[in-house]
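Below is one structure; the comments refer to it alone.
The values are calculated or read from the model by the stated rules, or taken from the named source; none is laboratory data. What you are looking at is a predicted structure, and each value in this text was computed from that prediction instead of being measured. Note that each Cβ is placed from the backbone with ideal geometry, even for glycine, and that neighbours are counted across all protein chains shown.
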Amino acid sequence: MIPRKSKPLAAGCHRAFPAIPGAGGSAGPTIALAGNPNAGKSTLFNRLVGGRQHVGNWPGKTVERAEGRLVVENNSFRVVDLPGTYSLFADTPEEVVARDFLLGGEAAVTVVTVDSTNLERHLYLARQTLLLTGRVVVALNKMDLADSMGIRIDCEDLAVRLGVPVVPVSAVTGSGIPRLLKVLGEAAEAWGEGVRNGRRGESSGLPSGRADRERMALELHRWSRDTAAAVSAGGARGMRGCSRDAGRDPEWEPSGGESSRTAGDFSARLDRVVTGRWFAFPLMAVLFGAVLWLTMFGAAPLSALLDRGFSAAAALAEAGLRSAGAPGWILGPLVDGMLVGVGKVISVMLPTMAIFFVLIALLEESGLVPRLAFNADRLFQAAGTQGKHCLSCLAGLGCNVPGVMSARIMKEPHRTIAVLTNSLVPCNGRLGVILPLSLVFFGSGGVGVVAGILLISAAAMLLGTLFLSRVVFRGVQPGFIMELPPYRWPNFRTVVLRTLRERVIQVLGRAVTVAAPVTILIWFMANYPAGAGFEGTAAGRLTAFLGPLGTPLGIPGHALTAVLFSLAAKEIVVGALAITGGLAASLRGSGADPASLLAGWSALEAFNFLLFFTLFMPCLLTAMTMFRETRSWRLTALGLALPFGLAYLFTLASYRIGLVLGL
């Protein structure tokens, strides 16, 4: 089944293309980018297309689809970034999407991104791709890192063995990209010739039967190992991986399971500490604490500056509307509702998300984030899932929307479990509320209060995961196989620009579109019927209705109303407290002294409010994302009911324990 060795090349790593057409339509030929996770495929994609890209979902799939446009020597390419996958055997949604796209013959050429420091594992996918299409270019990425590790790769020999061009590049530094573009330009010429001659490529395909699949997988695995050893000097040092097999998954994974480490390898030496038995969790706690501290306290002055800017803009808008004779029912919703309300969402979310996402991206680029997931595997295995769930939780700390979406890296049913439990991870919107309010009420003890609430949140998330894995989704618990990339210094500029474009701006835009109409609704509920006083308004009547429901939890009714309003966006709960507490008629009143919001509350009531708010149902945007990811109203309803039930149980327990202790 393995294609035979091709004839030697004349020189270098270059090989001409056969004239076999793909499908590109009027946009020109299509380039597909394939590769393993951590191969640097997305970095290469960004290097090729820059800002000329858009992101969506594959038709009928929840897997993300990124496309862009590339112009090389007057040839226009459509570049499609296929999902990162270790194999093309149809199993996960990512594997199905990548395999079906290649089988469809739409790509004129497929660029397989291979990590030059991890040849054995990554050549496995390259050879699988060659079984589906002969029009392949291998981009041997991270060559700068391979050189620093003493790895030397014979590109000419590798090109001979594969029978396709092999181009050494570094997507981070841009080294080798001009040569890759030249090869792609020649591919466009071959594509055009094939279109004129009406020829199409052939593929041998992949076996569908399990026995044939496993036999081919073993054969490919052995070929990848032998080839990697043959073409690289010091190659074993480049093959890095770690696995922790729970012994519950009967399916053999050919792409994982071995760990090759050398005592002289810097990454291996550092891993003895970072993933070691004694230092792993303390280091994780220190690292997470540093990220959280930099995020919250670094964002505070920026948030205050943005808030003053939006307040000034609101004052100017109000003056302009009044001079134009705008009636109160227009001026109030537009200024006090939308402009001030949305301004508060942006003021809290933008600095916090920007700092947090950049820090997490830097940790990911440096190779630390996969090790956090590996360390957390023991804990998540006890809850019925696996360490990859930790990556989803880390993303949820910035915002639950990308946290829910990041669950795509997991297989079912654990992917759905991660989707439904991510809202129990406190996002930056909730952290941006509980931190200042806890410091206002508890003073120097507020830091301990926040730490306690975060620990309770972690316990609630693990408890919810255990319930779903043992009761709702009972099935095979997977072994945990994760590739640990070598440590490296991240490219700060590239990471920041990519993070701001792909995460911060997209999430903020979605949040604003949801928050704007709801803040207008809050204004109307707090001000109509006009002249009836707050008790006679819709918000006042809702507060009176919720009062008895909050009594068993030790939470005032107006605080529950504020929590309910925060379903639009968690950041508006402070302004909503000012309205429902009768301290202001609009969200603009939340700029008053925060201490007045908790006036007359006991310490136990304040703690219970913060706890209930932290665990309560996710915002509407997260709920919408849950539905898009699960395609099920039933599962979305479960994702809303689970955090509400846990919030009620934990807060009820907290209040009863507090009463017993006389707090």
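Give N527, N608 a once-over and let me know the one that is touching a Ser or Thr at 6+ places or on another chain (Cβ under 8 Å), closer than 23 Å to G658 by Cβ and either modelled with pLDDT of 85 or more or of a type outside the set (A, V, I, L, M) (or both).
N608
Close Cβ contacts (under 9 Å, 6 or more residues apart or on different chains) running from residues in segment 521-533 that are part of a loop (DSSP other than H, G, I, E, B) to residues that are exposed (fewer than 15 other Cβ atoms within 10 Å of the Cβ) comprise Y528/W329; P529/G536; A530/G328; A530/W329.
Among the residues here, L103 does not qualify as of a type outside the set (D, E) and at pLDDT 85 or above. Hey, does segment 584-600 have a residue that's surrounded by 18 or more Cβ atoms within 10 Å (Cβ to Cβ) and either assigned to a loop (DSSP other than H, G, I, E, B) or modelled with pLDDT of 85 or more (or both)? Among the residues of segment 584-600, at least one is surrounded by 18 or more Cβ atoms within 10 Å (Cβ to Cβ) and either assigned to a loop (DSSP other than H, G, I, E, B) or modelled with pLDDT of 85 or more (or both), which makes the answer yes. All told, D144 meets the bar of being modelled with pLDDT under 90, of a type in the set (D, E), under 20 Å from Y487 (Cβ atoms) and surrounded by fewer than 24 Cβ atoms within 10 Å (Cβ to Cβ). Take the conditions farther than 23 Å from I572 by Cα, in the same structural domain as A647 (by TED's automatic domain parsing) and either in a helix (DSSP H, G or I) or within 16 Å of the chain's Cα centre (by Cα) (or both) and apply them to Q386. Does it pass? The answer is no for Q386. Can you run down the residue pairs with Cβ atoms below 6 Å, 6 or more apart or on separate chains, where the first is in segment 615-643 and without any contact (Cβ under 8 Å) to a residue 60 or more places away in the chain and in the same structural domain as G509 (by TED's automatic domain parsing) and the partner is in a helix (DSSP H, G or I) and among the hydroxyl-bearing types (S, T, Y)? Qualifying pairs under 6 Å: F627/T636.
Which members of segment 123-140 meet the condition of being more than 14 Å from T227 (Cα to Cα), within 27 Å of the chain's Cα centre (by Cα) and either of a type in the set (G, A, S) or surrounded by fewer than 23 Cβ atoms within 10 Å (Cβ to Cβ) (or both)? Correct list: A139 only. Taken over segment 272-299, the residue count meeting the criterion of being aromatic (F, W, Y) and assigned to a helix (DSSP H, G or I) is 4.
Applying the condition of being touching a Ser or Thr at 6+ places or on another chain (Cβ under 7 Å), of a type outside the set (A, V, I, L, M, F, W, C) and in contact (Cβ under 8 Å) with a residue 40 or more places away in the chain to segment 423-460 and asking which residue is surrounded by the most Cβ atoms within 10 Å (Cβ to Cβ) yields S423.
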